[in-house]
Amino acid sequence: MADGLLGPAEIRELAARLGVAPTKKLGQNFLHDPNTIRRIVAAAGLTPDDVALEVGPGLGSLTLGLAGAVRQVHAVEIDPRLAAALPETVSVPHLTVHNADALHVRGVDFDPPPTMLVANLPYNVAVPVVLHLLAELPTLRGGLVMVQKEVADRLVAGPGSKVYGIPSVKLAWYSQARSAGKVPPAVFWPVPNVDSGLVAFTRREPPPGVDRKEVFAVVDAAFAQRRKTLRAALAGWAGSADRAEKVLLAAGVSPQARGEALTVEQFAAIAAAAKSSPPGGKLSPSDAQPEEVES
C-alpha cells in the first residue's frame, strides 16, 4: 500500500475477504492505481474546507485519497456489502457512508452539505447521476467525475459538435464543463474494454427568467428528432409547426436551425418566448414528456 492508498494487491485481497465479485449490473470497475487517484484528487481543485461527495466508492481506493484532502467525505454506495466494509478500509472520523442509490438521494441526506462531487461513476448511470445531484444539491460548487470516454466527450461538447446533445446542454445549464484528461483501462479491475475520461465542471448561474423543466422540455424535443429542423422537431411540443416557427422567431432563433447548433441560452430563450405568448399549443411543462437523458 503506497502512501496509504490501495494498489492492485490490496484491492483483490479486500474483495476476496468480502466475497465481492465486480458486477456489470452495478457498473463496478474498481480503481486500483495510486497515481491515478492522486491525479484525480489534484485535478479536482479541492480545498481543506471542502466537503466531498463520492458516488460508488466501491472498495475505497478513491475515498482514501479524498479523505486526506478535505474536511468531510460523504460516500454513497448502493452495494450493502461494500457500504458496510468502507468504514473499516477508510478508518477516519470524517467519513459518512450512505448505503443508498445516488439517483434517489436528497439534499437533506447530507450534513454537512457537499461542496464538491468527485467520483469514479458507474458507466451505466453516470449522466443521470450527475444531473440529479446538481439539481438536488445547490451547495455543489463543482466537481470532477470519471466516466466512459465517449460519455465524457458528450458532456463537454459544444454547439456544432457531432456529439453535442442532451447531456451537453443539460450539464451546461448547471455548470461550465471541460475535459480533464483520459484514463486508460489498465488502472481498473476488472479491466473495461473502453477508455475513461475525466470531466471537470464549475457551477454557474443558469439563464435567468425561465424554469429548468420548461427549458429541458425544449431540449428533449429538439434532440428527439435530431436531424430535423427546429420548426419540425418542436412541432409536437409547440402544438404545431406554425406555432413552433412563431416561438422560434420570437426567441431570435432560425426555424431552419437544428438543435445541435444551439447554446443553452438559446434553448432558454425559446422556452421564455413560448411562455410569454401562450394560446393554443402544448407549451406547459405539464404537457411535456418526462425528462430523458442520453447516456
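Return Ile270, Ile37, Ile78 ranked ascending by Cβ neighbour count within 10 Å, so the fewest neighbours appear first.
Ile78, Ile37, Ile270
In whole Hz, with x marking every Gly and Pro, tabulate ³J(HN,Hα) for the range 129-141 from phi via Karplus 6.51 cos²θ - 1.76 cosθ + 1.60, θ = phi - 60°.
5, 4, 5, 5, 5, 5, 6, 7, 10, x, 6, 5, 8
Name the long-range amide H neighbours of Gly7: under 5 Å, sequence gap of 5 or more, or other chain; modelled H, no Pro or chain starts.
Placed amide hydrogens put Ala2 under 5 Å from Gly7.
Please give the FRET efficiency for Asp109 paired with Ala186, using the beta carbon to beta carbon distance and R0 = 35 Å, rounded to the nearest 0.05.
Efficiency at R0 = 35 Å is approximately 0.50.
If Rh is defined by the Kirkwood formula over all Cα pairs and Rg also comes from Cα, what ratio Rg/Rh do you get for the chain?
Using Cα coordinates only, the ratio equals 1.04.
I need the trypsin sites (Lys or Arg not before Pro) found in the range 36-116, filtered to DSSP loop residues with at most 16 other beta carbons within 10 Å of theirs.
Those satisfying the criteria are Arg71, Arg106.
Please identify the trypsin sites (Lys or Arg not before Pro) of the range 159-267 that satisfy two criteria: DSSP loop assignment and at most 11 other Cβ atoms within 10 Å. Which are they?
Within the range 159-267, the qualifying trypsin sites (Lys or Arg not before Pro) (loop, at most 11 other Cβ atoms within 10 Å) are Lys162, Arg227.
Output the antiparallel fraction of DSSP beta bridges having both residues in the chain, as a percent to the nearest 5.
Bridges in the chain are about 50 percent antiparallel.
Every read-out reported here was derived from the displayed coordinates using simple, explicitly stated rules and does not represent laboratory data. Because the structure is a prediction, the values reported are computed rather than measured. Cβ atoms come from the backbone with ideal geometry, glycine included; neighbour counts cover every protein chain shown.
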